[in-house]
Amino acid sequence: MRLSALAAVLAAGLSAFTPLAAQADPAHTITVSGNGEARGVPDQAELSAGVTTVAPTAAAALADNARTMTGVFDTLKRLGVPERAIQTSNFSVSPQYPPYNANDRGTQKIVGYQITNQVNVTLDDTRKLGPALDALVNAGANQISSVSYSIRDGAALEAKAQEQAVTNARARAEVYAKAAGVTLGGVITISEVSVEAPRPMYRAMAVQQAPATPTAAGEQSVTANVTVVFEIH
């Protein structure tokens, strides 16, 4: 086959796959936006807990911290938290100085050291959060900076919100088409404007002894926004 004939065949074949958007007359289309929202109950909880110790020397502060933190890890294991769900998030050694004295012109002296060891923990059941907080405080954790809730399968919730966004766009397009006296056709293009994934819900926690720490997971939502171009007749 000659090159010119082959080029003609390829051109004919490619024309068969021309996107519908390229074939549609812009004068015979309608563009609308749609939004969707899906809500779900969080099925896992995250918390940040740690131990802070102070002693005259760094070695003494570290030893005290290690003993207490070992108890924290043991407690998490007894609660059934797997090692993969525990991650060290902060470890610091800080010198401690006496209160500021304007009359003291000399070099500031170190009077002790503070050791902080903190971990992030993921619980596979939100109902375990209250008992976990109680157990950690009893084990010696004196820093619980926050707790948060999340949905393990966020992708499924996103897909539901996206589906609702497209459905919403079609419903709006049908209203416009009816008002304009035209017939709504097929979809030319769909553009995703934004998808807001489920965001962890944070709640500050005060460290205090209590018979049972009440917690509430509440509900989370994910939103999706799309722009859809429909053909009209």
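Every number here is computed from the coordinates shown, using simple stated rules; none is lab data. The structure displayed is predicted, hence computed values, not measured ones. Note that we place each Cβ from the backbone using ideal geometry, even for glycine, and neighbour counts take in every protein chain shown.
Rounded to whole Å, give me the distance from the Cα center of the stretch 41-62 to that of the stretch 148-190.
Their Cα centres are 46 Å away from one another.
In what sequence do Glu37, Glu192, Glu46 fall when counting other Cβ within 10 Å, fewest first?
Lowest to highest Cβ neighbour count: Glu192, Glu37, Glu46.
Just to confirm the filter: which chymotrypsin sites (Phe, Trp or Tyr not before Pro) across the stretch 63-137 are DSSP coil and have at most 13 other Cβ within 10 angstrom of their Cβ?
Values: sites: Phe73, Phe91, Tyr100, Tyr113; in loops: Tyr100.
In loop regions of the stretch 63-137 (DSSP not H, G, I, E or B), the sparsely surrounded chymotrypsin sites (Phe, Trp or Tyr not before Pro) are Tyr100.
What does the charge count near Pro131 come to, summing +1 for each Lys or Arg and -1 for each Asp or Glu among other residues with Cβ under 12 Å from its Cβ?
Every neighbour counted, the sum reads +1.
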